[in-house]
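The block underneath contains the structure these notes are about, expressed in structure tokens.
The values are calculated or read from the model by the stated rules, or taken from the named source; none is laboratory data. Values in this document were obtained by computation on a predicted structure and should not be read as measured data. Because the Cβ atoms are built from the backbone with ideal geometry, glycine has one as well, and the counts that use them run over all protein chains shown.
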Amino acid sequence: MLTVKGRRGAGRRGEAGFSLIELMVALGVTLVIMVIATRLLAMSMFVRQRENQRSEAVADVQRALQSMSREISNAGLGMKNNGLVASDSNDISIRIRSNLNAFCGAGAPCDADTDDPGEDIVFTLINNTTGGGEDNQRLITRQDVNNSNAISALANRIDMLTYDYIDVSGNTTGDPGEAQKVKIAVTVTLPAVGSEGQAGYQPPSQMQLISEAVLRNLLLDK
């Protein structure tokens, strides 16, 4: 009988719960895991936010560059020069003319001037100060001189827009009237994501997109 009671007592002692030290160790390990998981989650969210910013900015600028390149390439259509208005074209602004109605066919109207809407266009970078504080932005705009100077925004959040004029020899020229090709460069700054020193912090970064428009209608009528 004594032997049986001793075994039952030993069994009950073996079923005792965690000690206070074991519980504290378990809680400490759990806390460390939660902190690491939180930092990894924050890092993942900030990286995703930065990539979303980058994708939106690239898509916005690409649309603007495609539109600008298409119209600049048509400069000089139906004219005897390259279509660039040298007096109004420089490294931050460009004015182009083209005669979109120069060629008649199938009863289509035609003329010999550049006075119709869409035939005298200015692309430039302007400061939009209609908002306050951080709402102020720099915009790439398209101004239609023959359509009551109507202005439309092609892209926003732009830091820099520059034009280089390339002549037939492939050299940069200061005279837009001699250009055979126009190089367009757009710079965008992506703002910081998160706070410096915080997990996953993404510092500000710049990216530049470049497009070249060949003036394929240069001296078309000569």
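Some notes on this structure:
- Beta carbons closer than 6 Å, at least 6 apart along the sequence or on distinct chains, pair a first residue in region 173-198 that is under 14 Å from Asn90 (Cα atoms) and touching a residue at least 12 places away in the same chain (Cβ under 8 Å) with a second that is small (Gly, Ala, Ser) and assigned to a loop (DSSP other than H, G, I, E, B) for Pro176/Ser89.
- The set of residues in region 53-87 that are polar (S, T, N, Q) and under 26 Å from Thr114 (Cβ atoms) comprises Gln66, Ser67, Ser69, Ser73, Asn74, Asn81, Asn82, Ser87.
- Selection within region 168-205 - surrounded by fewer than 17 Cβ atoms within 10 Å (Cβ to Cβ), in contact with an Asp or Glu (Cβ under 7 Å, 6 or more places away or on another chain) and in a strand (DSSP E or B): Thr172, Lys183, Thr187, Thr189
- Hey, Gln49 at pLDDT below 80, surrounded by 10 or more Cβ atoms within 10 Å (Cβ to Cβ) and either in a helix (DSSP H, G or I) or in contact with a Gly (Cβ under 6 Å, 6 or more places away or on another chain) (or both) or not: yes
- Subset of region 52-83 [on the phi > 0 side of the Ramachandran plot and either in contact with a Gly (Cβ under 9 Å, 6 or more places away or on another chain) or part of a helix (DSSP H, G or I) (or both)]: Gly76, Gly83
- Any chance Thr30 is modelled with pLDDT of 85 or more and either assigned to a helix (DSSP H, G or I) or within 30 Å of Leu154 (Cα to Cα) (or both): yes
- Positions within region 26-77 being among the polar types (S, T, N, Q) and out of contact with any Ser or Thr (no Cβ under 6 Å at 6 or more places or on another chain), in sequence order: Thr30, Thr38, Ser44, Gln49, Asn52, Gln53, Ser55, Gln62, Gln66, Ser67, Ser73
A quick yes/no check of all residues on (1) within 19 Å of Lys181 (Cβ to Cβ); (2) of a type in the set (Asp, Glu); (3) buried (at least 21 other Cβ atoms within 10 Å of the Cβ):
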{"position": "Leu41", "(1), (2), (3)": "no, no, no"}
{"position": "Val58", "(1), (2), (3)": "no, no, no"}
{"position": "Gly78", "(1), (2), (3)": "no, no, yes"}
{"position": "Ile92", "(1), (2), (3)": "yes, no, no"}
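- Selection within region 130-153: residues that are assigned to a loop (DSSP other than H, G, I, E, B) and at pLDDT 85 or above. The member of this set that is nearest to Asp88 (Cα to Cα) is Val145.
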